[in-house]
Amino acid sequence: MTIIVDDDDSKVWALYDAGPRNIRCPLIFLPPVSGTADVFFQQILALSGWGYRVIALQYPVYWDIFEFCDGFRKLLDHLQLDKVHLFGASLGGFLAQKFAEYTHKSPRVQSLILCNSFSDTSIFNQTWTANSFWLLPAFMLKKIVLGNFASGPVDPEMADGIDFMVDRLESLGQSELASRLTLNCQNSYVEPHKIRDIPVTIMDVFDQSALSTEAKEEMYKLYPNARRAHLKTGGNFPYLCRSAEVNLYVQIHLLQFHGTRYAAIDPSMVSAEELEVQKANLQASSDLEQVP
């Protein structure tokens, strides 16, 4: 499905909307710089099959964070969604935080799942080049992005995930890539006091990823009450190569909203047995920490 919500007809949102349409607070997936809406196909298939309404997005070309936030707000208005849960990967996670901050006076974000994400663009040390990405040809932009992909030996699932992301990267045009890199690197940071009441799960990996240890520590400091979902391995794209674990952590995160108007799942699809299983997972999962 494609939707235009801005006066500029070239700004087209592409999205997959799966699961029961009667759910008014779905989970929306926001991709990284190199991703398209279909990088979350494993989550779309599994979660919609379990009764969740999930929407995966692909951004139009926006060169400015506030322009993106305004466009995303208009998209939610068009879809008649007052509040949503957001799962953001890398740049997607940063944009999710900025959107929650942008709408804090009239909240539109019910909760956040931040996967391999960051809160301050200065970690990339490219704020001084951010305004020149629009000048660079597509092959140079792709080279910049590919430089962050894992090199060296990886397991077959991770290799398949990287191949898939390289393929998705090839499908993006110059303006799409340049605008995303601009959003990723232009001087901006999250103001935590504006979004401190939003439930957050921070999902990250212990093996090699584009994020530095310092960036991860900064996220923990910013959200001291966040749940932490640690994956031992998964690289930059755990939603592709460790989808079963990622899907479980998503379910555990959304469990706190079951039975409320902010549930992302159809009530008729929630069996008592499934709830007990999920609660057991919640208690037994040694990787998922609730930080006091």
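Each part reduced to its alpha carbon centroid, region 20-97 and region 230-269 end up 14 Å apart.
Show that you can apply the helix-only estimate: for the chain, add -39,500 (n - 2.57) for every DSSP H stretch of four or more residues, divide by all residues, and state [θ] at 222 nm to the nearest 500.
Details: 10 runs with 111 residues, N = 292.
My calculation for the chain gives -11500 deg cm²/dmol from helical runs alone.
Qualifying trypsin sites (Lys or Arg not before Pro) in region 1-40, where qualification requires a DSSP coil assignment and no more than 15 other C-beta atoms within 10 Å, comprise Arg21. I need the Debye-formula profile for region 96-224: one equal scatterer per C-alpha, no solvent, reported as log10 I(q)/I(0) at q = 0.13, 0.16, 0.22, 0.23 1/Å, two decimals. Debye output, listed in q order: -0.66, -0.98, -1.35, -1.36. One way to sum up the overall shape of the chain is the equivalent ellipsoid from its Cα gyration tensor, whose semi-axes run 28, 22, 19 Å, largest first.
Taking the DSSP bridge list for the chain and keeping only pairs wholly inside it, about 35 percent are antiparallel.
Each peptide in 196-205, 160-169 was scored by the mean count of other Cβ atoms within 10 Å over its residues; highest first, the order is 196-205, 160-169. Amide H contacts of Val5 (H built 1.01 Å from N, in plane; Pro and chain starts excluded): Trp13 sit under 5 Å, all sequence-distant by 5 or more or on other chains.
Here the Karplus curve 6.51 cos²θ - 1.76 cosθ + 1.60, taken at θ = phi - 60°, turns the phi angles of region 116-123 into couplings of 6, 10, 9, 10, 8, 5, 5, 4 Hz, with x standing for Gly and Pro. Amide H contacts of Phe29 (H built 1.01 Å from N, in plane; Pro and chain starts excluded): Ile55, Ala56, Leu57, Phe87 sit under 5 Å, all sequence-distant by 5 or more or on other chains. The Rg/Rh ratio for region 180-230 is 0.98, where Rg is the radius of gyration of the alpha carbons and Rh is the Kirkwood radius. Note on region 24-104: dipole from Cβ charges, positive end direction compared against Ile44, His78, Pro32; the farthest Cα belongs to Ile44. Legend: Rg and Dmax of region 1-153, from Cα coordinates, 15.9, 47 Å. Taking all protein chains into account, the per residue accessible area for the chain stands at 44 Å² (1.4 Å probe). Between Phe149 and Ser212, the simple label model (points 7 Å from Cα in the Cβ direction) yields a spacing of 2.4 nm.
The accessible surface of the chain, taken with every protein chain in place and a 1.4 Å probe, is 53 percent carbon and sulfur. Here the Karplus relation 6.51 cos²θ - 1.76 cosθ + 1.60, evaluated at θ = phi - 60°, turns the backbone of region 194-204 into coupling constants of 7, 10, 5, 8, 8, x, 10, 10, 9, 10, 8 Hz, with x for every Gly and Pro. Highest-first packing order for the peptide set 213-224, 57-68 is 57-68, 213-224, based on the mean count of other beta carbon atoms within 10 Å.
Within the same chain, lysines fewer than 8 places from Lys194 are excluded, and of the rest, those with a Cα less than 30 Å from its Cα are Lys11, Lys74, Lys83, Lys98, Lys105, Lys216, Lys221.
The values are calculated or read from the model by the stated rules, or taken from the named source; none is laboratory data. Keep in mind it's a predicted model, so treat the numbers as computed, not measured. Note: ideal-geometry Cβ built from the backbone for every residue, glycine included; neighbour counts use all protein chains shown. To get the accessible areas, we keep the full protein, side chains included, count just its heavy atoms, and leave off ligands, DNA and RNA. Shrake-Rupley method; radii C 1.70, N 1.55, O 1.52, S 1.80 Å.
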